[in-house]
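See below for the structure under consideration.
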Amino acid sequence: MFATIQPRRLYRQVADQIRTLIEGGKFAVGERLPGERELAEELGVSRPTIREALIALEVEGLVHIRMGSGIYVTGQQREKPALAPAEDLEGPFELLRARSLIECAIAEEAAKVVTPDHIESLDAVLTKMAQTFNSPRTSIALDRTFHTTIAGIIENSALNRFVGELFDQRMTPYFEKLASYFESPASWREAFEEHRAIRDAIASGDPVRAKEAMRFHLQQSQLRFSRSFDEDLESEKGRSAKGGRNGNMKI
């Protein structure tokens, strides 16, 4: 039913295949698609790639995501919606990996040249951030300011602009849709503590510690977006299967 995906903007290729099957009637309106794990195995790609593809299809109006239940077909797309992801738009996980490579090095360099004025600027951002856990748009804006402030410490305008441009790619309907499932006041509190650890590491003038604090933060960011849409359903299946093996339930 599915063809193996070849490398090249994988999540878009996955989305194209699923879209073709939906539009061809392989999956009926209201029908639940195969789970993330099954799709990943069928297509030979990672589960984050599947997750990115499903979000793209939801923005296009072809599927509806029900957390803990799965992905359901909503209908056939008649025309390309205004908010559809651009064909050349990187996926969230690709962006976070790129940010990790770049911003870890920036944090390392920032710790070598940080001044009291720089620390004061970071503290000002964190003070505001601590008051905005219930306001996602404000939190995102302050998140951007925090990261560009760190880039500004090493006084390289090209890197400062590049960090801002990478961050701005999460200000899209596509990334906002993904974030709507996984971001919450609790997740913003976690991110705040990670930001504070980065600030402390840079302020201490310890390049290694600063690099690792930034790496940890961006890795945690990836993990926050990594919960399966049908995780609860898969967990239930796993418990049922385990019960069957113990002789209590049939698989």
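The values are calculated or read from the model by the stated rules, or taken from the named source; none is laboratory data. On a predicted model such as this, the values are computed, not experimentally measured, just so you know. Here Cβ is always computed from backbone atoms with ideal geometry, including for glycine, and neighbour counts include all displayed protein chains. Accessible surface is based on the protein model in full, side chains and every heavy atom, while ligands, DNA and RNA are left aside. Shrake-Rupley method; radii C 1.70, N 1.55, O 1.52, S 1.80 Å.
Let's see how each residue does on (1) among the small types (Gly, Ala, Ser); (2) at pLDDT below 95; (3) at negative phi; (4) out of contact with any Cys (no Cβ under 7 Å at 6 or more places or on another chain):
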| position | (1), (2), (3), (4) |
| --- | --- |
| Phe133 | no, yes, yes, yes |
| Phe146 | no, no, yes, yes |
| Ile150 | no, no, yes, yes |
| Asn156 | no, yes, yes, yes |
| Gly164 | yes, yes, yes, yes |
| Phe167 | no, yes, yes, yes |
| Arg170 | no, yes, yes, yes |
Being of a type in the set (Gly, Ala, Ser), within 30 Å of Gly68 (Cα to Cα) and surrounded by 16 or more Cβ atoms within 10 Å (Cβ to Cβ) narrows it down to one of Ala213, Ala179, so name that one.
Ala179
Would you confirm whether or not the stretch 140-148 contains a residue that is touching a residue at least 12 places away in the same chain (Cβ under 8 Å), of a type in the set (Ser, Thr, Tyr) and closer than 23 Å to Ala56 by Cβ?
no
In the stretch 27-77, residues that are touching a His at 6+ places or on another chain (Cβ under 8 Å) and part of a loop (DSSP other than H, G, I, E, B) total 1
Pair list, Cβ under 7 Å, 6 or more apart: the stretch 158-184 residue within 15 Å of Ala53 (Cα to Cα), other residue charged (D, E, K, R):
Lys177/Glu58
When Ser139 is evaluated against the numbered criteria (1) farther than 19 Å from Ser187 by Cα; (2) among the hydroxyl-bearing types (Ser, Thr, Tyr); (3) open to solvent by less than 30 Å² (accessible area, probe 1.4 Å), which criterion, by number, is the only one it fails?
(1)
Number of positions in the stretch 90-112 that are in a helix (DSSP H, G or I) and under 23 Å from Tyr11 (Cβ atoms):
12
